[in-house]
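Trainee: One structure follows; several queries about it will come next.
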Amino acid sequence: MQLMTEGSAAGGGLRERKKRATRAALTEAAVRLAAEHGAERVTVEAISAAAGVSVRTFFNYFDTRDDVFVLTGAETGANVRKALLAASARLSPLEALREALTAELAEAEQRHELWRLHGEVLRAAPHLLVRVLAAHLADETELAEAVAERIGPGRGAAPPGTSHEERRKALDLYPRVLAAVAVTAVRVSVDHWCARQEERSFREVFQEVFALLAAGLPAPPPA
């Protein structure tokens, strides 16, 4: 889920907010440099300089250069899962997930240029796309586990300490499908809005995507 937004950094103390701001600055610098010069030509030194930090600071946040292009903040996924579990019991799982994602994407329109550039970088660098897809699959499994926890025991939430593959296999079909659909809905909403943002707000596009899902994806009327 490409959900890293400035809104993700709103909570926590000053130290945590500074850490998230530094991480966001490094990510943005990397994406902009890669979009201009090509990802293969961008070095850790160049990214660090553009973000105004040292190379040592870069490696405090990322293990490798390629990790900076994943663009998914761990706190974002945690925020979504927490909101999903805390949502009113009156909401269906789909509705609860929609509300959780809407809250985390509240400032999405301020990040549209970065998301657009990130998409261009990935299309030009397949090895980075593979890294991003792997990260999204891990996020998807964790989201499915939260869905399973919300809808009740026996839905496949695995005990702590099990591997990613074991956790994925333990999940029932419904939580896996819902999580996968939600991740895809975010991606499609972002892609569609970035290409046609003059027509409607991101929130309107995002809400329509979930309305289509809730209605069972009926075929549109003839043009």
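Trainee: How about region 171-208: which GluC sites (Glu not before Pro) there lie in a loop by DSSP and see at most 15 other Cβ atoms within 10 Å? Intermediate values should be presented prior to the final figure.
Mentor: Numbers: sites: E198, E199, E204, E208; in loops: E198, E199.
Hits after loop and neighbour filter: E198, E199.
Trainee: Roughly speaking, to the nearest percent, how much of the chain's 1.4 Å accessible area is carbon and sulfur? Before the final figure, lay out the partial values.
Mentor: Details: 6570 of 11960 Å².
Carbon with sulfur: 55 percent of the solvent-accessible area.
Trainee: Rounded, prolate or oblate: which fits region 175-222, taking a ≥ b ≥ c as square roots of the Cα gyration tensor eigenvalues, rounded meaning a/c under 1.5, else prolate when a/b beats b/c? Kindly include the intermediate steps, with their values, before the conclusion.
Mentor: Details: a/c = 2.35, a/b = 1.28, b/c = 1.83.
In terms of gyration-tensor shape, oblate.
Trainee: Return one number: the angle in degrees, 0 to 90 and rounded to the nearest 10, between the long axis of the Cα atoms of helix 14-37 and the longest principal axis of the Cα atoms of the chain.
Mentor: 70
Trainee: Hey, what's the chain come to in accessible area per residue, 1.4 Å probe, Å²?
Mentor: Numbers: 11960 Å² over 223 residues.
With the other protein chains kept in place, the chain gives 54 Å² per residue.
Trainee: Calculate the translational D of region 11-131 in whole µm² s⁻¹ from Stokes-Einstein, where the hydrodynamic radius comes from the Kirkwood formula applied to all Cα pairs, the temperature is 25 °C and the viscosity 0.890 mPa s. Walk me through the intermediate numbers first.
Mentor: On the way: Rh = 15.8 Å.
Approximately 155 µm²/s, per Stokes-Einstein.
Trainee: Hey, what's the Cα Rg ratio for the chain versus the globular rule of thumb, 2.2 N^0.38 Å?
Mentor: Working: Rg = 18.2 Å, N = 223, 2.2 N^0.38 = 17.2 Å.
Relative to the rule-of-thumb radius for its length, the chain sits at 1.06.
Trainee: A further question follows. Using label points projected 7 Å from each Cα along Cα→Cβ, tell me how many nm separate E95 and E149, to one decimal.
Mentor: Rounded to a tenth, the inter-label distance reads 2.2 nm.
The values are calculated or read from the model by the stated rules, or taken from the named source; none is laboratory data. If you're wondering where the values come from, they're calculated on a predicted model, not measured in any experiment. Neighbour counts are summed over all protein chains in view; Cβ atoms, including those assigned to glycine, are modelled from backbone coordinates with ideal geometry. What goes into the accessible areas is simple: the full protein's heavy atoms, side chains included, and nothing from ligands, DNA or RNA. Shrake-Rupley method; radii C 1.70, N 1.55, O 1.52, S 1.80 Å.
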